[in-house]
Every structure is written in structure tokens, then in C-alpha cells.
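Visitor: Questions regarding the structure given below will be posed in turn.
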Amino acid sequence: MSSKIRRKPRIGVFKFASCDGCQLSLLDAEDELLGVAGAIDIAYFPEASRAMLPGPYDIGLVEGSITTYHDAQRIQEVRRKCKTLITIGACATAGGIQALRNWKDVDEFIRVVYATPKYINTLKLSTPIAEHVPVDFELRGCPINKHQLIELITATLAGRKPNVPTYSVCMECKRKGNICIVVAQGVACLGPVTQAGCGALCPSYDRGCYGCYGPMESPNAVSLSNQLHILGQNNAEITRAFRGFNAWAWQFRKASEESERT
């Protein structure tokens, strides 16, 4: 009686407009990956290997935002090849720092920066992957937390919900025993509306949270904007605070545009 050999799940890693930082987080997790290495086959990962196998893939990890016509077409092909599509990092989940272009005239940027503008073919907006194709899960961060990535891969393989927090950075501060820098020092901080994942890195060094992990679940950005006013921040400063790595996330986008209008 013969038994079938079970095929390992195949993973593909794809890059769009980004700095490669989230892919490097995956490479930096080599020790942690050893625990699941025997259960997966990383079939496509140009950042790490020249051996690139064609799809289909069981899991697709996508870094980067969509900023060109070519990439808008390519993400459709990636989606068709991947059974489960996971976006990783602020660029893929919220347009990234390059989404700052979305409030300005891109044609003017091109004229100023490039000697021959006619060779530049780009979109007016930098947008997250989910605005172009269905996404099964978004992993936040700039860059992502490698331990969260391993948990996400493990959970996906096991067919369970990943244990990735949706609460705010303030919870991480409490767990570390940090004194709230907003209350004690009057430092402007996005921690109350930002998803946990960094271990409250900046507040632990008496710096306000920059919102690297994007909006937490159900953030009250209006209330935070009011608090930032009390701390002495003007409307322009509040607008800039919300226009960081996750500027195009709709909760941050709404808060920044409301501050800009008033």
C-alpha cells in the first residue's frame, strides 16, 4: 500500500515600491525560521535566492505600495498566483512614506527632480495593496516585527487565527512600566492611536510614538488631536504627526485632513 508524500506549502515573497526593510526583517529571522523551515518551501524570494520557482504559491508575502502602472498590473498577477495573500509593512498596508505625494502635485516633483521628465511614468497616488486586490491579512510596521511575521506564517500553516495584537502602544508602555511621557512630560505622542508591535521603543527613550505600526483597532484620532492641541501643537504640527509612515491609512488620513482644514 503506497502513501502519498505531502507537498510542503510554497511561499512567494514579492516586492513593490519600498525600501526592502520588511524583507530584511524576514531574513533577520533566520534563527526563528528554523522552527518552521522543514514545513515550508520558500519558492520565490529574489531578495534572498536566485532559485525562483513559478507559482502557484500557498502563501504570498507582499512588501511595498503601488506607485506605477506596471505594478498595478503586476499585483493582479501576484494575487492570481497566491492562495493566501499577506501584505507586510507600512508601504503595503498604508501606502508608506511615499504616500506623502498623495497630497501634492506629482508632476511638479518629476519636473524638479528628474533631468528628463518624459521618461518617468508614474501614478498620481501611492496606495496600499488592498486598494487593488483582495488581501487576506495585513501585518503592520515600519519595518514589521519579525516575531509577528513568524507567528503569522505559523498560524496560516496551522489554519488558525494569528496572535497579532490590535491594541495600542500604550498597552506596551504599561507592561514595561513606562511612565506616560504625555502626562509626565507633555510630550506629543501617537501611542494612544497606534497599534502595538514595536515594544514601545520610542516612549521607552522619552520620545513620542511616531505611529510606525499604523492605526490600532478603533482609534479615537479626534480625541488625540484635541489632546495634542492642549499640549501646544498647532494644526500644521498635528497634520505632520499623522502624515508619517502610515499617512494613507484612512484613520490617520482623516485626522490629518481635518487638522489641515481647521
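The values are calculated or read from the model by the stated rules, or taken from the named source; none is laboratory data. Quick caveat: nothing in here was measured; it's all calculated off a predicted structure. Here the Cβ is made from the backbone with ideal geometry for all residues, glycine too, and neighbour counts use every protein chain on show.
Visitor: Across segment 114-135, what is the total count of residues that are assigned to a loop (DSSP other than H, G, I, E, B) and over 23 Å from residue 253 (Cβ atoms)?
Guide: 5
Visitor: Here is a follow-up. Taking the stated definitions as given, is residue 238 at pLDDT 95 or above, aliphatic (A, V, I, L, M) and farther than 21 Å from residue 196 by Cβ?
Guide: Judged against the criteria, residue 238 is a match.
Visitor: Those residues that are loosely packed, with under 15 Cβ neighbours inside 10 Å, small (Gly, Ala, Ser) and under 23 Å from residue 255 (Cβ atoms), I need them from segment 160-212; list them, please.
Guide: Residue satisfying the conditions is 186 alone.
Visitor: For residues in segment 36-74 being among the aromatic types (Phe, Trp, Tyr) and surrounded by 13 or more Cβ atoms within 10 Å (Cβ to Cβ), which is nearest to residue 17 (Cα to Cα)?
Guide: 45
Visitor: Looking at segment 157-190, which of its residues are assigned to a helix (DSSP H, G or I) and closer than 19 Å to residue 215 by Cα?
Guide: 169, 170, 171, 172, 173, 174, 182
Visitor: Continuing with this model, one more query. If you scan segment 224-262, which residues turn out to be buried (at least 21 other Cβ atoms within 10 Å of the Cβ), among the β-branched types (Val, Ile, Thr) and part of a loop (DSSP other than H, G, I, E, B)?
Guide: none
Visitor: Now a separate question. Can you tell me how many residues in segment 213-223 are surrounded by fewer than 22 Cβ atoms within 10 Å (Cβ to Cβ) and either within 19 Å of residue 148 (Cβ to Cβ) or in contact (Cβ under 8 Å) with a residue 40 or more places away in the chain (or both)?
Guide: So the count comes out to 2.
Visitor: From the list 218, 223, 204, which one is polar (S, T, N, Q) and within 14 Å of residue 180 (Cα to Cα)?
Guide: Every option except 204 fails the conditions.
Visitor: Name the pairs: first residue in segment 22-39 and on the phi < 0 side of the Ramachandran plot, second residue of a type in the set (Asp, Glu) and at pLDDT 85 or above, Cβ to Cβ under 8 Å, at least 6 apart or on different chains?
Guide: Pairs found: 22/63; 23/47; 23/63; 24/47; 27/47.
Visitor: Next up: Out of 141, 208, I need the residue that is closer than 28 Å to residue 36 by Cβ and either free of Cβ contacts under 8 Å to residues at least 12 places away in the same chain or among the small types (Gly, Ala, Ser) (or both). Which one?
Guide: Residue meeting the stated conditions: 141.
Visitor: Is at least one residue of segment 241-261 among the basic types (Lys, Arg) and farther than 26 Å from residue 139 by Cα?
Guide: Yes, that holds for at least one residue.
Visitor: Regarding residue 154, is this residue buried (at least 17 other Cβ atoms within 10 Å of the Cβ), within 26 Å of residue 15 (Cβ to Cβ), in contact with a helix residue (DSSP H, G or I) (Cβ under 8 Å, 6 or more places away or on another chain) and not assigned by TED's automatic domain parsing to the domain that holds residue 244?
Guide: Against the criterion (buried (at least 17 other Cβ atoms within 10 Å of the Cβ), within 26 Å of residue 15 (Cβ to Cβ), in contact with a helix residue (DSSP H, G or I) (Cβ under 8 Å, 6 or more places away or on another chain) and not assigned by TED's automatic domain parsing to the domain that holds residue 244), residue 154 qualifies.
Visitor: Here's a follow-up. Name the one entry in 122, 156 that is free of Cβ contacts under 8 Å to residues at least 60 places away in the same chain and either on the phi > 0 side of the Ramachandran plot or of a type outside the set (Asp, Glu) (or both).
Guide: Result of the check over 122, 156: 122.
Visitor: Determine if segment 100-113 includes at least one residue that is buried (at least 16 other Cβ atoms within 10 Å of the Cβ) and in contact with a Phe, Trp or Tyr (Cβ under 8 Å, 6 or more places away or on another chain).
Guide: yes
Visitor: Please give the helices (runs of 4 or more DSSP H) falling wholly within segment 29-111 in which 1 or more residues are out of contact with any Leu (no Cβ under 8 Å at 6 or more places or on another chain) and farther than 28 Å from residue 244 by Cβ.
Guide: 30-37, 69-81
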